[in-house]
1. Between rounded, prolate and oblate, where does the range 69-118 land on the alpha carbon gyration tensor, with a ≥ b ≥ c its root eigenvalues, rounded for a/c under 1.5, else prolate if a/b exceeds b/c?
2. What does the helix-only formula give at 222 nm for the chain: each DSSP H stretch with n ≥ 4 adding -39500 (n - 2.57), the total divided by the residues, and the result rounded to the nearest 500 deg cm²/dmol?
3. So what is the diffusion coefficient of the chain in µm² per second by Stokes-Einstein at 4 °C and 1.567 mPa s, using a Kirkwood Rh over Cα pairs?
4. Measuring from label point to label point, each 7 Å out along Cα→Cβ, what is the residue 20 to residue 55 span in nm?
5. For the chain, calculate the relative contact order in percent as a whole number, restricting contacts to Cα pairs under 8 Å that are 6 or more residues apart.
Ligand code: MN
């Protein structure tokens with residue numbers, strides 16, 4: 001089964017880069033341009049992983065993560081913040097908001113797909129296994 005990845009990202013170039021880097025790995029990719037659309041799509045699609053931009057219009061990624069975490073059917077789905085915020089505390093803020101981890105922007109083409117696979121693998125591994 002090909003994992004479904006929901007990408008919540010308002011920047012078309014970043015969305016395109018994610019598509020180019022992940023498509024060869026056989027993921028089913030879905031894109032949302034803002035948080036409210038992302039929330040709707042997440043509930044319907046029940047993706048295996050959510051990649052979440054933090055700098056989004058209207059509702060920022062922290063707010064989106066908090067709301068995603070309130071959706072019962074998404075329990076256990078990793079939410080990975082994709083963020084260029086370099087300020088100390090921003091990663092902690094992402095984790096506090098419910099994110100499982102983060103990937104740094106600018107996206108590194110050499111390592112991005114492996115980072116995504118790692119978050120997916122960690123989520124799908126049975127509990128208790130290393
Ligand atoms: Mn953005």
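Since every read-out is calculated from the coordinates, none of them should be taken as a lab result. Only a predicted model underlies this, so the values are computations on that prediction, with no experimental measurement involved. A quick note on method: Cβ atoms are made from the backbone with ideal geometry, for glycine too, and the neighbour counts reach across all protein chains shown.
1. On the way: a/c = 3.18, a/b = 1.26, b/c = 2.52.
Because a/c hits 1.5 or more and a/b fails to exceed b/c, the range 69-118 counts as oblate.
2. -11500 deg cm²/dmol
3. Approximately 89 µm²/s, per Stokes-Einstein.
4. 2.0
5. Over the chain, the number comes to 22 percent.
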